[in-house]
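Presented below is the structure to which this report refers.
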Amino acid sequence: MGCAIKTIKISSIVLNAILALLAVGAIGWIAFNADTESEEFVIAAYVACAIIVLFAFLGIFAAIRESVCLTATSAVFLLVLAIPQIVSTCMFLHQSEVQSAQQTVELAWQANNMDGLQQKYECCGKTSAQDYVHLRQSIPPSCYVDLQQKPEHLFVEGCIEKLQSHYESDKRRFIIVSWVLVAFELLCFALAVFLAISFRNKQRRMQF
């Protein structure tokens, strides 16, 4: 029995460490893609990931100290975190509407502010470089790789298509990352519950 508890204790520490690393990675990913999401979503995601990191480290500390109180606290908060995350991910999964790339590109086009989009997403014009040709405008340097205005360096895809593809890929990545975090949270929750019970039984045996 002692060997089994020790194995589960080590597993709990390792899984909590992985959970913390995944949450830190998610924070970095959100920061990199912050400009494509609403401010409310970004703030909520930062807070959720920061709390996950906090309670993952609490789970590690609790397992090392063999503290019933801290282990139980970690288990409760991991479950509390997992439930709304499952609900929000399911809602996001069934949300058919993806952020409109056309609206974003149209606003940039009208404001004559396409350079940033074209370099970031390696695209040119709304639908292609022909958008500039039709308006009798020269194709801007931002439509070329490394701003080198050579025909072979011209970005072929239009920004609406490229940006829409990026938004859809972001949605898939968010769903995958969210489910992976939920899976680790539930695993850590289950191990924390088992350890809290085991540590409590151990304390009782030591009293006799």
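Per-structure values
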item: Pairs with Cβ under 7 Å, 6+ apart, first in the range 146-171 and over 22 Å from residue 109 (Cα atoms) and open to solvent by less than 100 Å² (accessible area, probe 1.4 Å), second part of a helix (DSSP H, G or I) and not small (Gly, Ala, Ser); result: 170/36
item: Residue within the range 61-76 that is within 29 Å of residue 169 (Cα to Cα) and out of contact with any Cys (no Cβ under 7 Å at 6 or more places or on another chain) present; result: no
item: Residue count for the range 13-47, restricted to those that are open to solvent by less than 40 Å² (accessible area, probe 1.4 Å) and within 18 Å of residue 88 (Cα to Cα); result: 5
item: The one condition in (1) out of contact with any Gly (no Cβ under 8 Å at 6 or more places or on another chain); (2) on the phi < 0 side of the Ramachandran plot that residue 143 fails to fulfil; result: (1)
item: Given (1) open to solvent by less than 50 Å² (accessible area, probe 1.4 Å); (2) at pLDDT below 90; (3) touching a Phe, Trp or Tyr at 6+ places or on another chain (Cβ under 9 Å), index of the condition residue 58 fails; result: (2)
item: Index of the failed condition, residue 173 passing every other in (1) under 29 Å from the mean Cα position of the chain (by Cα); (2) over 22 Å from residue 49 (Cα atoms); (3) outside any loop (DSSP other than H, G, I, E, B); result: (2)
item: Tabulated pairs, the range 176-202, first polar (S, T, N, Q), second crowded, with 16+ Cβ neighbours inside 10 Å, C-beta under 7 angstrom, 6+ apart or interchain; result: 178/85; 178/89; 198/5
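The values are calculated or read from the model by the stated rules, or taken from the named source; none is laboratory data. Values in this document were obtained by computation on a predicted structure and should not be read as measured data. Note that we place each Cβ from the backbone using ideal geometry, even for glycine, and neighbour counts take in every protein chain shown. Each accessible area value is taken on the protein alone, full model and side chains, heavy atoms only, with ligands, DNA and RNA left out. Shrake-Rupley method; radii C 1.70, N 1.55, O 1.52, S 1.80 Å.
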